[in-house]
Amino acid sequence: MKLYLEIIYTRVYGFIANGQRKTALPSPTLILYKFLNGTFTDHIARLVEGLLCITPEFDSYEANVTSTNGTTAVLPCTINHLSSHQVVWTNPESTIVSLQIRRIIDDVRISVERPYIKDWHLHIRNVRVSDSGEYTCQINTTPVKMKIINLKVVVPPTIISHLSSTDMEVREGDTVTLICNVTGIPHPNVTWYRQSASNDYSTMERIGQQGEVLVIHNVSRYCDDVYECVAKNGIPPVVSRKIKVSVDFAPEVQLRNKRIGQVSGRETILDCRITASPQGVTVWMRNGKELVNNEKYSIEVFNEGGHTITLSLRITQIKASDFGEYTCLASNHLGRDRETMVLYEKRRTTPAPTENRTHKKRPFINYTNTEHLSGGQEDINLDKNIMVTVKNFSNQSFKNDPSHPLAPWSESSGCFSIINDNGLCLKSIGMYIFGIIISSVLSDHSLL
């Protein structure tokens, strides 16, 4: 790196500040230049520019810079053919910030950076909103040349907690006002969402309401949810706030059945559904007295979700004194409700027999023709196999009919019936029928 000395005899140069021309340096002046990125060629070029009186020029004469609050703002200023002229920065208050690379004001956040020999960039570290405004990069030519840089400092959205709503508890029918107080530059847009408890708060439903205030008129139990305001202004990050709205209402008691029957000696369960917010006192009552857990009664509570519970009463070893009215009662600070159920005695019934086709046989009668007639009288015994002979019934002849081999027992008539066109019903063997031998009467009492 080389150090070059230049003795430059100039006229008096100046710059514009606060609307007045200021003297920069006397003439003649001995100036010591240190070319950080320069070469001998650069040095010669500067001398030639001075001799030929080439006018300094900006690469552009206006620029807009947007920086986020707290970051470093870089205000660009690139000058061609500066020669021996000087560079001055002024701030929005027209105060001189720097002369050449030397900072004038007492603000350590500010510096002039020269990554390349033509660059005179103004850096503002930890930039603030108050730094916004119009800055000028000036060259002390005659007339003074300047470049205007507009600095805009933006701020991400922020929700002011102490000015915003918190979780609240309201009564059904009230008017609810939710506030989400936000700041930011530019001012953020606020959108409201509702996170439904029925979906375990896993999804958000957009309400469509815009603005920092959400008003819910005549609030109902179905408005009991988590509400979220989301604020954004294009500057990350997006911020949000959740507000839980709990709606209180008086209990409502519902019974699945108003009457339920059971036989003595068994147990039964009585259920009632209670919807309330908050859940208060919930009891089963009998004859004006509260029932408690003991050997006779067992009371359980099951949470059904959505402010609803099931209050279950189990009654064991039911006896005559247990039949009657049972009352489910619920109350909270907003009111009470009750419903009454009747437990009545159910009579025992003999269950109908079931047929086991693997081991049981259906009662049947096998019958055949015979030419030899014989008389006899005998009652049918359903526990045995018996053989009887009957004759003399209006001289009618019964033929062996393979299509009707069975004569099932008829419980209503109490007899066996031969299923054919003659409709014979045999209650006992006290009648005489021509030409029939009835044999092999099989039966099982369990089938009857």
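The values are calculated or read from the model by the stated rules, or taken from the named source; none is laboratory data. Because the structure is a prediction, the values reported are computed rather than measured. As a convention, Cβ positions derive from the backbone with ideal geometry for all residues, glycine included, and neighbour counts pool all protein chains shown.
Say whether the condition of being modelled with pLDDT under 50 and of a type outside the set (S, T, N, Q) is met by at least one residue in the stretch 36-47. Yes: one or more hits. The set of residues from the stretch 311-352 being assigned to a strand (DSSP E or B) and on the phi > 0 side of the Ramachandran plot comprises 324, 335. Can you confirm whether residue 183 is surrounded by 15 or more Cβ atoms within 10 Å (Cβ to Cβ) and in a loop (DSSP other than H, G, I, E, B)? In short, no.
Scan the stretch 144-160 and give yes if some residue there is out of contact with any Ser or Thr (no Cβ under 9 Å at 6 or more places or on another chain), surrounded by 14 or more Cβ atoms within 10 Å (Cβ to Cβ) and not assigned by the TED database to the domain that holds residue 237, otherwise no. Yes, there is a match, as at least one residue in the stretch 144-160 is out of contact with any Ser or Thr (no Cβ under 9 Å at 6 or more places or on another chain), surrounded by 14 or more Cβ atoms within 10 Å (Cβ to Cβ) and not assigned by the TED database to the domain that holds residue 237. Taking (1) under 30 Å from residue 153 (Cα atoms); (2) of a type in the set (Lys, Arg); (3) surrounded by 14 or more Cβ atoms within 10 Å (Cβ to Cβ) in turn, residue 221 satisfies each apart from (1). Take the residues in the stretch 132-143 that are under 20 Å from residue 101 (Cβ atoms) and touching a strand residue (DSSP E or B) at 6+ places or on another chain (Cβ under 7 Å); name whichever of them is surrounded by the most Cβ atoms within 10 Å (Cβ to Cβ). The residue in question is 137.
Of all the listed residues (143, 115), the sole one being closer than 19 Å to residue 77 by Cα and at pLDDT below 95 is 143. Quick check: is even one residue across the stretch 225-245 within 13 Å of the chain's Cα centre (by Cα), of a type in the set (Val, Ile, Thr) and either part of a strand (DSSP E or B) or more than 29 Å from residue 274 (Cβ to Cβ) (or both)? Yes: the stretch 225-245 contains one or more residues that are within 13 Å of the chain's Cα centre (by Cα), of a type in the set (Val, Ile, Thr) and either part of a strand (DSSP E or B) or more than 29 Å from residue 274 (Cβ to Cβ) (or both). Residues in the stretch 253-279 that are small (Gly, Ala, Ser) and more than 30 Å from residue 221 (Cα to Cα): 261, 264, 265.
Residues in the stretch 246-286 that are within 16 Å of residue 331 (Cα to Cα) and not in a strand (DSSP E or B): 278, 279, 280. Among the conditions (1) surrounded by fewer than 16 Cβ atoms within 10 Å (Cβ to Cβ); (2) at negative phi; (3) not aromatic (Phe, Trp, Tyr), residue 308 misses just one, which is (1).
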